[in-house]
1. Compute the length gained on full extension between residue 147 and residue 112: take 0.36 nm times their separation in residues and subtract their Cα-Cα distance, giving the result in nm to one decimal.
2. Across every pair of different alpha-carbon atoms, what Kirkwood hydrodynamic radius in Å does the range 2-171 reach?
3. Quickly work out the residue 170-to-residue 55 label distance, labels modelled 7 Å from Cα along the C-beta direction, and quote it in nm with one decimal.
4. Mind putting a number on the dipole of the range 2-171 about its Cα centre? Charges go on the C-beta only, +1 for Lys and Arg and -1 for Asp and Glu, and I need it in Debye to the nearest 20.
5. What 222 nm value per residue comes from the helices of the chain, counting each DSSP H run with n ≥ 4 as -39,500 (n - 2.57) and dividing by all residues, nearest 500 deg cm²/dmol?
6. Lys/Arg Cβ at +1, Asp/Glu Cβ at -1, dipole of the chain taken about the Cα centre: which of 161, 61, 17 is farthest positive-ward?
7. Express the relative contact order of the range 2-171 as a whole percentage, based on alpha carbon pairs under 8 Å and six or more residues apart in sequence.
8. For the chain, list the DSSP H helices whose alpha carbon atoms reach 15 Å or more along the long axis and whose average Kyte-Doolittle value is 0.5 or above?
Amino acid sequence: MLLLAFVFAAGWFVTGAMAAHLPRLLERAGATPLEAVAAAALVGPAQVAARLVEFSILRRVHPLISARIATALHPLGVGIFAITGAAGAAVLVILYGAGNGLLTIARGTVPLALFGPQGYGERTGLLGAPARAAQAFAPLLFGLLLDAIGGVSALFVSAGLCLAALAALFCLRTKPTM
């Protein structure tokens with residue numbers, strides 16, 4: 001439970017940070033205002049597209065795999081953006097949005113797959129509390145971080161959180177089925 005709580009808290013911290021600062025973050029990292037706003041507008045479509053992929057293709061795989069993919073997409077986007085600069089802003093945002101879209105589904109499916117239906121409501125409530133707190137503090141903390149270390153470095157911190165969540169997901173194991 002603690003590892004999963006960390007995964008969701010890290011994911012929702014990044015979500016809260018990106019929701020509050022994405023255009024400014026992209027500008028601080030080298031995008032023009034037009035590029036930043038145009039790229040940021042791709043978050044929603046990327047979320048929806050990822051959910052459609054989850055529904056049509058990934059529904060046949062274990063929810064932990066979907067969650068691992070979700071937590072890997074933002075760091076992949078950050079890496080591409082770090083290499084390509086402003087030209088990769090749309091790729092960063094699409095990968096972030098897709099990961100966020102998948103993570104919203106994983107928040108409900110992973111606890112069910114790992115722990116079963118017994119106590120599901122209580123368990124998801126307990127798992128959600130740290131995530132909501134992280135999401136609430138993210139805009140302020142990430143804004144301070146952005147001002148202190150700049151756009152690309154702040155993106156590396158957000159990618160590091162997602163990579164830590166990915167590592168935690170690899171520590172979780174499914175129960176053998178009989």
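Nothing in this text is a laboratory measurement; each read-out follows from the coordinates by a stated rule. Not measured: the values here are computed from a predicted model. Don't worry about glycine lacking a Cβ; one is built from the backbone with ideal geometry, like all the others, and counts go over all protein chains shown.
1. Fully extending the segment from residue 147 to residue 112 adds 8.7 nm.
2. Across the range 2-171, the inverse of the average 1/r is 15.9 Å.
3. If labels sit at residue 55 and residue 170, their model points lie 3.2 nm apart.
4. 360
5. Theoretical 222 nm ellipticity from helices: -29000 deg cm²/dmol.
6. Of 161, 61, 17, it is 61.
7. The value is 44 percent.
8. Taking the DSSP H segments of the chain (at least 15 Å long, mean hydropathy at least 0.5), we get 2-28, 43-56, 63-84, 89-115, 120-149, 151-171.
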